[in-house]
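**Q** So that we are looking at the same thing, I have put the structure below in structure tokens.
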Amino acid sequence: MTDAALRLPKLRVLRIGLSRDDLFMRAGLLLLATWLLVILGLPLWALLSKGFEDRDGRFVGLANYISYFSTPALMQSAFNSLHVAAVCTLIVVPLSFLYAYALTRAILPMRWLFQGVALIPIFAPSLLPGLSLVYLFGNQGFFKALMGGGSIYGFDGIVIAQVFYCFPHATMILVTALATADARLYEAADALGASKVRVFFTVTLPGAKYGLISAALAFVVDRLVQRKQVALLTARAVPLIPKPKPGRDAFFTIFCTVLGLWILLVLGMAAWGSLVKYWPYNLGLTLASYDFEKFDSNGWGSYYNSLWMATGAAVFGTAIMFVGAWLNEKTRGFHLVRGLVQLLTFLPMAVPGLVLGLGYIFFFNAPNNPLNFLYATMSILVINTIAHFYTVGHLTSTTALKQIDPEFESVSASLKVSVWRTFGRVTAPICLPSIVDVAIYMFVNAMTTVSSVIFLYAPDTKLASVAAVNIEESGTTAAAAALCMVIVATSAAVKAVHLVVDRFLFGRLQAWRRR
């Protein structure tokens, strides 16, 4: 008997073990991995390889790194970054968890308002909090005395600005983690006489630990937590509906109000600064700063470019992120590719936008790259934006998917229903609020992004956020604040439409959540 004949039974077993759905999902996952390699892996590798070359492109080994670590000022910058990151994490995660807990587990008056206010930092370009903090606590700021002799220009100012920026991202993930809970667990805990503190540490925190860790740390810890994360939404789950508790509700109402007022103060200061004639000497109000033709050659054209780019990033990015998260979560076996996809999806969280933008220059602008035609086009801006914000969209989608019991897929398989039909009829409708959240997240971040796309635009594809930076650099701060407020107003309007659509979707497709 030949070797081929001996191997034949094994091949048949392999074919029997992998269904058509399995093959399609593995093919989809391979396509996703290839896509992520092109938009993330290869650009970052192109940048990393430059660290081993001199200015003439010759290989110099670790010479550049030795030079970096032997320069005290450069080493100090690395420690400064770690210090800021650690302090911001210790501040943002508890604040975001409490805020998300209030939105999902407490009875808040005008809950929709608190939910919208939490997302305001996403609506604003990164330049806006900087301008506001200068207006508030700068050398000529209104509340400079509150700095206690310190300065907003330094560690304190950086931390405050970073907390403002990171808060909504962590809150978005944690709301998703806390939104889907099985009321039977809490009813059982009450029946057994468990204290509220014990219920919190034995039921609430374990159920939200994946979202909590995802909001704080990166790949290695996340992978360890995933192994122990269990689904909270089973086929027999009962949606958790918060019951009124005066003490708890009053505490969280005050907490959310204080935090919301701080966010509104930062926004309001920028809005007021955009209307001032000449800060701080002439505080009269005017709309002259909104005549952008006087301050930038593109005028309002940059704003329209941002609208096109943001729409493309929201539509294509959301589809890729959710389907990609579903493929990575539901594909059986194929552990090597799934691990690669998970690693690639976490890269944007660990890489500053500035670094990603430089990677795109080295990779897509290379003359021998067949994708060179994309450089300096609207397409490269859309692709770069999707890559830049991929992690949060992927984590939000994965968190939503992890709340769904695999029993749904098992029942579908036993009924000979394809995974694609189950995806369209069960998975996507259940996760629809999270899908819409990701789409809005992508749109508003595309409207506000600066760091990555600032290297990639052409004169005819200049974006509003980049124009605001250029205007501020020219010394017309009020006009820069005005353009930032236009971006905020646009993002807020889109969010308002989202709230209306969200209410309709919950009314029609999420009726199962109501008891």
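**Q** Which ranges mark the helices (runs of 4 or more DSSP H) fully within the range 34-141 that have 2 or more residues being more than 18 Å from Val355 (Cα to Cα) and not acidic (Asp, Glu)?
**A** Where helices (runs of 4 or more DSSP H) fall fully within the range 34-141 and carry at least 2 residues being more than 18 Å from Val355 (Cα to Cα) and not acidic (Asp, Glu), they are 63-69, 72-105, 111-118, 120-123, 127-137.
**Q** Sticking with this structure for a sec: Test Leu327 against the stated conditions and say whether it is of a type in the set (A, V, I, L, M), surrounded by fewer than 21 Cβ atoms within 10 Å (Cβ to Cβ) and over 28 Å from Met447 (Cα atoms).
**A** no
**Q** Okay, moving on. Looking at (1) farther than 18 Å from Val266 by Cβ; (2) within 20 Å of the chain's Cα centre (by Cα); (3) assigned to a helix (DSSP H, G or I); (4) at pLDDT below 90, can you tell me which one Ser451 breaks?
**A** With respect to (1) farther than 18 Å from Val266 by Cβ; (2) within 20 Å of the chain's Cα centre (by Cα); (3) assigned to a helix (DSSP H, G or I); (4) at pLDDT below 90, Ser451 is out only on (3).
**Q** Six or more apart or on different chains, Cβ under 7 Å: which pairs go from a residue in the range 421-441 that's over 13 Å from Phe316 (Cα atoms) to one that's assigned to a helix (DSSP H, G or I) and of a type in the set (S, T, N, Q)? Could you list them?
**A** Every condition considered, the pairs that remain are Thr422/Ser412; Ser434/Thr176; Ser434/Thr396; Ser434/Ser397; Asp437/Thr396.
**Q** Also: What about Gly299, is it small (Gly, Ala, Ser), modelled with pLDDT under 85 and closer than 23 Å to Ala493 by Cβ?
**A** Details: small (Gly, Ala, Ser): yes; modelled with pLDDT under 85: yes; closer than 23 Å to Ala493 by Cβ: yes.
The answer is yes for Gly299.
**Q** Across the range 410-445, which residue is modelled with the highest pLDDT among those that are exposed (fewer than 15 other Cβ atoms within 10 Å of the Cβ) and not in a helix (DSSP H, G or I)?
**A** Top of the filtered list is Ser418.
**Q** Going by what's in this entry, would Ile487 be described as modelled with pLDDT of 85 or more, out of contact with any strand residue (DSSP E or B) (no Cβ under 6 Å at 6 or more places or on another chain), of a type outside the set (Phe, Trp, Tyr) and under 30 Å from Leu275 (Cα atoms)?
**A** Taking the combined requirement at face value, the residue satisfies it.
**Q** Quick check on this structure: which one of Phe362, Phe316, Phe295, Phe346 is more than 20 Å from Ser451 (Cβ to Cβ), surrounded by 17 or more Cβ atoms within 10 Å (Cβ to Cβ) and of a type in the set (A, V, I, L, M, F, W, C)?
**A** Just a single option satisfies the conditions, and that option is Phe295.
**Q** Moving on. For the range 338-390, which positions are over 28 Å from Leu82 (Cβ atoms) and outside any helix (DSSP H, G or I)?
**A** Passing the criteria: Asn365, Ala366, Pro367, Asn368, Asn369, Pro370, Leu371, Tyr375, Ala376, Thr377.
The values are calculated or read from the model by the stated rules, or taken from the named source; none is laboratory data. Values in this document were obtained by computation on a predicted structure and should not be read as measured data. Cβ atoms come from the backbone with ideal geometry, glycine included; neighbour counts cover every protein chain shown.
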